[in-house]
Amino acid sequence: MYGFRDHLKPMPLTGLRALLQGSSRYSIRMSSAGSIEQTFVQLEDGIQRLTLPLPTGPKHVHCYLANGTLFDTGLGLGDAAWESVDVERIAITHFHPDHVGGAAEAARATGAPVSQGGLDYAQCERVWGSDDWPERMAAWFVRHGVPVDVTDDLIVQGHAFASFIRYAVDPELLYEGSEVEGWQVLELPGHADGHLGFLRDGVLIGGDHLLRRITPAVGLYPESRPDPLGDYLASLERTIELAPRIVYPGHGEPIEDPAARARELIEHHRLRLDEHEASLSTEPSTAYEISLDVFGRELAPTQRRSAAAETLSHLERLVRGGRAARGGDDNRVSYTSP
Ligand SMILES: [Zn+2]
């Protein structure tokens, strides 16, 4: 996943089933929707970029290959010809479907071991490997004021999705300071709590930490780190300090001035924090109500939930800065100006 406006939109279950079974009907629909075919690009510094199609959102995701190390694996729709690629190991930036969904298949086809962040793998198992995650997530959204009709399809979609996110079980776990074939492992939390970057010779394989045109989604979700926007802003500051020469992202073109892009994103969130603060009053509002104010009312359910999660990450940042107060109880959480 990337920016919340691009999140996987509800897909008709017939389409999803067809996709799971590799039906050509769905591939025809995908190509007629203008999706990108699988492509290989040799980047200047000896890194190859493998682009795989996505059925929704930006319609593509990039994986990178450097000296036998494959970074990320796409959604796992069975369309990647892994057998034809020389892969000795696989490393995952984060557990979102379009990055980790193909990991088990890529590992099976190549015989390569998989490495994934320690915290990221714990969340990956919790979200994609547990039977009741969609219900727990839906209940949590309801506590933040999201109407039941907006959370209902989360349950259906969540269960349908979980069955085809084939992450690799028991990967080698990576942490800040680990190394993968000369690539320094960086923990860059924010877009995902356990998001990793891989840095070598000024090149950062960045996953969805930094994207060129899309603002990476930073939402608060249940059973996760409490202040993801605070994490993300710190990760952006760290990116400025590290000053990589180039970032190869999960979506879109390479970022040739990563520090400038990081500053833009910091500024974007500064303005967004101001907007959230301005929509607070002394009357308690739920995060859902505030998200209607900030992100508008004309959003499909998937985007509606992502907007609420994005609003929550901003509200919790404001709470920590003394600019908002959280109240309510176990049934309903609300926010006011302090
Ligand atoms: Zn993502």
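Of note:
- Of all residues in region 102-141, those that are acidic (D, E) and either crowded, with 16+ Cβ neighbours inside 10 Å or within 16 Å of the ligand (Cβ to nearest atom) (or both) total 2.
- When we screen R238, R305, R297 for residues that are among the basic types (K, R) and at pLDDT 95 or above, the only hit is R238.
Residue by residue, here is whether (1) in a strand (DSSP E or B); (2) surrounded by fewer than 23 Cβ atoms within 10 Å (Cβ to Cβ); (3) within 16 Å of the ligand (Cβ to nearest atom) holds:
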{"residue": "G177", "(1), (2), (3)": "no, yes, no"}
{"residue": "L210", "(1), (2), (3)": "no, no, yes"}
{"residue": "R238", "(1), (2), (3)": "no, yes, no"}
{"residue": "E241", "(1), (2), (3)": "no, yes, no"}
{"residue": "G252", "(1), (2), (3)": "no, yes, yes"}
{"residue": "R263", "(1), (2), (3)": "no, yes, no"}
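- Any hit, region 212-229, residues being within 16 Å of the ligand (Cβ to nearest atom), over 20 Å from D120 (Cβ atoms) and touching a Leu at 6+ places or on another chain (Cβ under 8 Å): yes
- Residue in region 115-132 that is assigned to a loop (DSSP other than H, G, I, E, B), farther than 23 Å from V333 by Cα, touching a residue at least 40 places away in the same chain (Cβ under 8 Å) and aliphatic (A, V, I, L, M) present: no
- Flag for V156 being among the hydrophobic types (A, V, I, L, M, F, W, C) and at pLDDT 95 or above: no
- Scope region 188-203; condition within 16 Å of the ligand (Cβ to nearest atom), under 12 Å from T239 (Cβ atoms) and outside any loop (DSSP other than H, G, I, E, B); matching residues: G197
- Filter result (without any contact (Cβ under 8 Å) to a residue 60 or more places away in the chain and either acidic (D, E) or farther than 14 Å from I90 by Cα (or both)) within region 153-177: I155, G158, H159, A162, D170, E172, Y175, E176, G177
- Test for G202: is it under 14 Å from S115 (Cβ atoms), surrounded by fewer than 15 Cβ atoms within 10 Å (Cβ to Cβ) and among the small types (G, A, S): no
- Among residues of region 52-101, those that are within 16 Å of the ligand (Cβ to nearest atom), more than 16 Å from A112 (Cα to Cα), over 12 Å from the mean Cα position of the chain (by Cα) and outside any loop (DSSP other than H, G, I, E, B), counted: 3
The values are calculated or read from the model by the stated rules, or taken from the named source; none is laboratory data. Here the structure is a predicted model, which means the values were calculated and not measured. Ideal geometry is used to build each Cβ from the backbone, glycine not excepted, and the neighbour counts take in all protein chains shown.
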